[in-house]
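The values are calculated or read from the model by the stated rules, or taken from the named source; none is laboratory data. Just so it is clear, the structure is predicted and the values come from calculations on it, not from any experiment. For neighbour counting, all protein chains shown are included, and Cβ atoms are generated from backbone atoms with ideal geometry for every residue, glycine included. To get the accessible areas, we keep the full protein, side chains included, count just its heavy atoms, and leave off ligands, DNA and RNA. Shrake-Rupley method; radii C 1.70, N 1.55, O 1.52, S 1.80 Å.
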Amino acid sequence: MVRRLMMDVCRVLLAAVALFGFRSNLVNSKEWWANGNYYQIYPRSFQDSDGDGIGDLNGVTQKLQYLKEIGFTGVWLSPIFKSPMVDFGYDISDFYAIHPEYGTMEDFKALVARAKQVGIRIILDFVPNHTSDECEWFVKSVNREPGYEDFYVWSNGTVDANGNRQPPSNWLSAFRYSAWQWNDKRQQYYLHQFSIQQADLNYRNPLVVSKMKEVMRYWLDTGISGFRIDALPFMFEKEPYANGSYPDEPVIDNVSVCPDPDDECHLKHIYTQDQPESIEMVYQWRELVEQYRKEKGGESIVLLTEAYTSLDNLMLYYGDGQRNGSMVPFNFYFMRNLKNDSTAPQIVDYIQQWMTHMPTGVQANWVLGNHDNSRYSTRLGVQRADLFTIMLQTLPGNAVTYNGEELAMTDGKVSWKHTVDPQGCNANRFNYESYSRDPCRTPYQWDATKNSGFSSAAHTWLPVASNYRTNNALAQLRAPKSHLQLFMKLIRLRQMRSLQDGALKIKAIGNDIIIYSREAAGDDMFVIVLNLGGNEQSLNINQYFDMGSKAEVITSSMQSGYHDGVIIDPSKYVAEPYVGVVLVKL
Ligand code: NOJ
Ligand code: MG
């Protein structure tokens, strides 16, 4: 099967390269990570090599060549470390060990070696904010072992008017209910901003900071190329009052937006998120990776950071003018804010905001999806998926793709009975679907065979989405036009200088059309036209960008009537419903 798949990939790629007959230049003098195409693998759901129904490292290794052929620069793996799997790997019990369901350290070394062979960089998930309650450090902290007493955020709590013990503050966990849990053995509360089993480390303790730096160095020694860093806004909390309690967070102004007092959206997180110290930690980690490279040589090490926060904070994650931070502070706008009724002016406005607020010397980035959010083909409709693929690959900077988005995979259906995500399980059988992240984590759809070619097991850890027989990688490689082929073609096109370094000029026309140009001096001018709406519209492109009398259609959405390579008159362009087109001026 793998072999057959590869042959299909090769056939398509040769065809794609042959089509670029225009004069654009390739760019190849940058840092390896710049203008990159990053792919997120959720290892549990990608490829199961040993038939237990759970994806694993050897499964990933088998597929690295496939990812290279698509054109990805680097792959980031959601956590692969030893874990009780309460939060599917984001609850780490041993930062130095591979989770047995995923394989062994030998398997991991083989994965890194294979990645080097095929020319793809491996990036690991670094989860600094919390550990599993089964982590040795937590057990030692519970027992107040010397050196570990203050490893976590402990507090006596308070006593109410009736003499009953109460948590130290009203803080809420991201997964619902109080963020404080009483520990009988230590006779104190500990903080957990996620599940009860994910205890928050105390970053005000320098020992914790250095311990986590050791973890980073350990994995860098294995030959990886960087880290995706988890849950940054949660790193530091406000310091306690002298009596050991903490200030309450205020309730949101408009309670009708989130009336449920147990749901974290009920509070304004002024003490538990986005503390300036959290951003400063990223600068320290950037220094660490720069220092590591100085000592050991080799390529630069990339940091990708996860923070759902304001634009201003995201810009600070890049750096503050004095110190550098993350190379790729994830830009979650497409994933979080785009709704079915988002208009062209809203989207353009956001893109311009990111572009104009960036500090100098950094690159933009655009993220289509991840393992925590509903897939955009589900949210916005499969017929619009290609519009976002085109944006992802033709806007300036770095592109980030969650496994399956390149196939326009949709969310799977997971019943309440089969729900395993803690965020879903903490809800109830009536509302769990608005919370559960299982639907975007269903197995990768490789082909039309049993379990979509993901696993030979009788049961997979999450059910395979029901549309896998028609929507899968193999079918898309064989079809004359598909989401995947469009994706591959765009990745190659993106090597052109105008798409790497060219200025972005972008406008909205009415509520539905986004039009933009990318052009580097002395190179081709590309114009991209995206119609978000369901109506056909006639346009004179020359009114916005001077394309002259002839342009070539490089590529377009699957359902478009424009064939690749067709020559059109830009002054009489017809924007088909839900269609995106990439044009080059002739
Ligand atoms: C963000 C991760 O992406 C998510 O899956 C996890 O539940 C939380 N951080 C806690 O680690
Ligand atoms: Mg397995």
| said: With N set to the number of residues, divide the alpha-carbon radius of gyration of the chain by 2.2 N^0.38 Å and report two decimals. | reply: 0.99
| Most positive-pole-ward Cα, MET525, LEU583, TYR544, against dipole of the range 504-586 from beta carbon charges | TYR544
| field | the chain - mean residue ellipticity at 222 nm from DSSP helices (-39,500 (n - 2.57) per run, n ≥ 4, rounded to 500) | value | -8000 deg cm²/dmol
| request: Rounded to the nearest 0.05, what FRET efficiency do SER415 and ALA457 give with R0 = 22 Å and r taken as the Cβ-Cβ distance? Could you check? | output: 0.75
| query | Among TYR66, SER455, GLY89, which residue has its Cα positioned farthest towards the positive end of the charge dipole of the chain, with +1 placed on the Cβ of Lys and Arg, -1 on the Cβ of Asp and Glu, and the dipole taken about the Cα centre? | reply | TYR66
| said: Assuming 0.36 nm per residue, please report the length gained on full extension of the stretch LYS550 to ARG144 beyond their Cα-Cα distance. | reply: 138.7 nm
| Where the centroid of each part is defined by its Cα atoms, how far is the range 399-439 from the range 123-181 in Å? | 27 Å
| Residue-span extension gain [LYS238 to GLN352] - 0.36 nm each, minus C-alpha spacing | 37.7 nm
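Using the Kyte-Doolittle scale, find the helices of the chain whose mean hydropathy is at least 0.5 and whose Cα atoms extend 24 Å or more along the helix's long axis, counting only whole DSSP H runs. Walk me through the intermediate numbers first.
Values: long enough: 2-19 (26 Å, 1.48); 276-296 (31 Å, -1.36).
In the chain, the long hydrophobic H runs are 2-19.
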| What's the FRET efficiency of ARG323 with ARG379 using the Cβ-Cβ distance as r and R₀ = 35 Å, to the nearest 0.05? | 0.45
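Quick check: convex hull over the Cα atoms of the range 467-511, volume per residue in Å³, rounded to an integer?
Values: hull volume 5.6 nm³, N = 45.
Value for the range 467-511: 125 Å³ per residue.
For the range 275-414, what value does the Rg/Rh ratio take when both radii are computed over Cα atoms and Rh is the Kirkwood radius, given to two decimals?
That ratio equals 1.01.
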| query | Ignoring ligands, DNA and RNA, what accessible area per residue does the range 117-196 give at 1.4 Å, in Å²? | reply | 41 Å²
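Could you tally the net charge around SER374, taking each other residue with its Cβ under 9 Å from the Cβ of SER374, Lys/Arg +1 and Asp/Glu -1?
On the way: positive: ARG375, ARG379, ARG437; negative: ASP411.
My count for the surroundings of SER374 gives +2.
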| remark: Taking 0.36 nm per residue of separation between LYS507 and CYS265 and subtracting their Cα-Cα distance, the length gained on full extension comes to 83.7 nm
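How do the peptides 391-404, 86-99 rank, highest first, by the average count of neighbouring beta carbon atoms within 10 Å per residue?
Ranked by mean Cβ neighbours within 10 Å, highest first: 391-404, 86-99.
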| remark: Carbon plus sulfur, as percent of the 1.4 Å-probe accessible area of the range 297-442, comes to 49 percent
| Non-local amide H neighbours of SER178 (under 5 Å, H modeled in plane, Pro and chain starts lacking H): which ones? | SER173
| field | Cα-centre dipole for the chain with unit charges at Cβ (Lys and Arg positive, Asp and Glu negative), debye to 20 | value | 1900 debye
| With the calculation restricted to Cα positions, what are the radius of gyration and Dmax of the range 29-74 in angstrom? | 12.8, 44
| request: Take ASN535, project a point 7 Å from its Cα along the Cβ direction, then tell me which residues of the range 567-586 have their backbone nitrogen under 17 Å from it. | output: 574-579
| message | Using 5 Å bins from zero, what percent of all Cα-Cα pairs in the range 174-304 falls into each bin? | response | 2, 8, 15, 18, 17, 13, 10, 8, 5, 2, 1, 0
| Could you give the dipole magnitude of the range 458-555 about its Cα centre, charging the beta-carbon of Lys and Arg +1 and that of Asp and Glu -1, in debye to the nearest 20? | 420 debye
| task | Go ahead and run the numbers for FRET between SER434 and GLU299, Cβ-Cβ distance against an R0 of 41 Å, rounding to 0.05. | result | 0.45
| message | Per residue, how large is the accessible surface of the range 406-449? Use a 1.4 angstrom probe and give square angstrom. | response | 41 Å²
| field | Charge dipole magnitude, Cβ of K and R +1, D and E -1 - the range 260-409, Cα centre, debye nearest 20 | value | 460 debye
| Phi to ³J(HN,Hα) by Karplus 6.51 cos²θ - 1.76 cosθ + 1.60 over the range 192-197, Hz, x for Gly, Pro | 9, 7, 10, 6, 4, 7
| note | Label model pair GLN117, ASP341: point-to-point distance (7 angstrom along the Cα→beta-carbon line) in nm is 5.4 nm
